[in-house]
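Data first, discussion second: the structure below is written as structure tokens.
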Amino acid sequence: MTDLIRLKANDIVTLLRREEITPFDCLDALESRIGQVNKAVNALPTLCFDRARDHAKALMKKPVGERGRLAGLPIPIKDLNDVAGVRSTRGSPIFADNIAEESDLMVENLEREGGLVYAMSNTPEFGAGGNTFNEVFGRTLNPWNLSRSAAGSSGGAAVALATGMAWVAHGSDVAGSLRNPASFCGVVGMRPSPGRVAASVYGKIDGTLGVEGPMARNVEDLALLFDALCGDNPADPASLPRPANSFLSAVRAPAKPKRIAWSVDLGITKVDPEVAAIARRAAERFVELGAVVEEAHPDMTEAHDCFQTLRAYDFFLSKWKLLRTSRNLLKPEVVWNIEQGARITMEDLERAEAQRLVLAQRMLEFFNTYDLLLTPATIVSPFPVGNRYVAEVNGHKFSNYVEWLAIVYAITLACGTALSLPCGFTAENLPVGLQIAGPPRSEARVLGAAKALEDILGVRGTTPIDPRVATA
């Protein structure tokens, strides 16, 4: 069972297709591993192994060739999405006892592709904030140092991967929620372009700030899951058809980038010097692939004002009713964000949408010159878990709980594709991620480049780890 935990997801799927192992072997291995390490990190607070085994029985009645891209590979779902018959809380006391009647479209699609849902991964309340804690389940701890944050909001998913409690994991991203936890935990997380993954629609039918996406311990495994996640559904009108060529094939035969831009800060944020240096060294190694690496970035001046307005508007649309009925059960940051949305005027909204259009156009023009844009995936290394968010870097005090995430939410605003790749470690042996970004619908380009750099850096294979207590 220990050997299975340490295999790559693609190797597990190969063994499942050859019927050398069964989905039950995988579930048994995960259940054992969770029993060993989950108490220390609190990544998977809700388990549903009985449900997973029932689905495995149904799946094994099908011929091997009809068991989908995942063929019985187990996967945890972030506790912002419903899984039928499972406690789905959104990390909020308001929904602490909620048992979902129906699954999210994304979950249904994964199960059609042979995925077995066995757990819900921890998340901040409603996914709000770059640190995974809530009043229902408590804090998720970073396994590299249990006194540090796992980031958020897909923190439980990232920790499950880093500790061997998952081979692949589902997450979602608005302000870096797939990228920040990946960076903090030494795994890979990708924000795909809007529309790539069909999901149930709430609040805004054409929303593009939030997307569902994949996480894994390496790029090839991430591509495997992304292929299973992709595809359209009429219930999500913005969803896109599955591409003709798989993303896994793009990773296995990557096109090498020729001209790459590196930016330490996109001109809009402060960055910890040690993190900046580690990410820069990794970015420069693209030269070994024959690429030219230059310092450059598009003008992202309006990113802060634009994102804060559009995020607040989204909070108002989706949570205004909750503020009126359950204010005392919402954490302060969520209350603040909803109230910010309530104060937005039509003029504010018009300005923000115009700013976003300009930012997206500048980014597209930038990618006429450069194949990729590289930055640190986070501006700091994992911070103390008791801090609700990063309040200050290099003498700059942030104005709110999300401003420290600008280096990732700038890419969100431009509807770009972005991936966090493990690229090194700090002097305290804490992981650092490199953000690899491209224009909309450039997942194959980003994944291929990430795989090529992953092969050079040699960081792949550092996970899974056992949770570690800090030492002096």
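The values are calculated or read from the model by the stated rules, or taken from the named source; none is laboratory data. This structure is a prediction, so every number in the text was calculated from the model and none was measured. We place every Cβ from the backbone using ideal geometry, glycine too, and count neighbours over all the protein chains shown. Side chains are part of the model used for accessible areas, which takes the heavy atoms of the whole protein and leaves out ligands, DNA and RNA. Shrake-Rupley method; radii C 1.70, N 1.55, O 1.52, S 1.80 Å.
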For segment 2-28, which residues satisfy the criterion of being under 20 Å from residue 187 (Cβ atoms) and in contact (Cβ under 8 Å) with a residue 40 or more places away in the chain?
5, 6, 7, 8, 9, 10, 12, 13, 26
Restricting attention to segment 244-268, the residues that are open to solvent by 20 Å² or more (accessible area, probe 1.4 Å) and within 22 Å of residue 399 (Cβ to Cβ) number exactly 4
How many residues are part of a loop (DSSP other than H, G, I, E, B), open to solvent by 10 Å² or more (accessible area, probe 1.4 Å) and in contact (Cβ under 8 Å) with a residue 24 or more places away in the chain if we restrict to segment 82-115?
5
Can you name the residue in segment 53-81 that is β-branched (Val, Ile, Thr) and closer than 21 Å to residue 200 by Cα and, of all such residues, is surrounded by the fewest Cβ atoms within 10 Å (Cβ to Cβ)?
77
More than 30 Å from residue 325 (Cα to Cα) and among the basic types (Lys, Arg): does that describe residue 87?
no
Where in segment 327-424 are there helices (runs of 4 or more DSSP H), lying fully within it, with 2 or more residues that are in contact with a Phe, Trp or Tyr (Cβ under 8 Å, 6 or more places away or on another chain) and either open to solvent by 10 Å² or more (accessible area, probe 1.4 Å) or at pLDDT below 95 (or both)?
332-342
For residue 321: the one exception among (1) within 29 Å of residue 223 (Cα to Cα); (2) part of a helix (DSSP H, G or I):
(1)
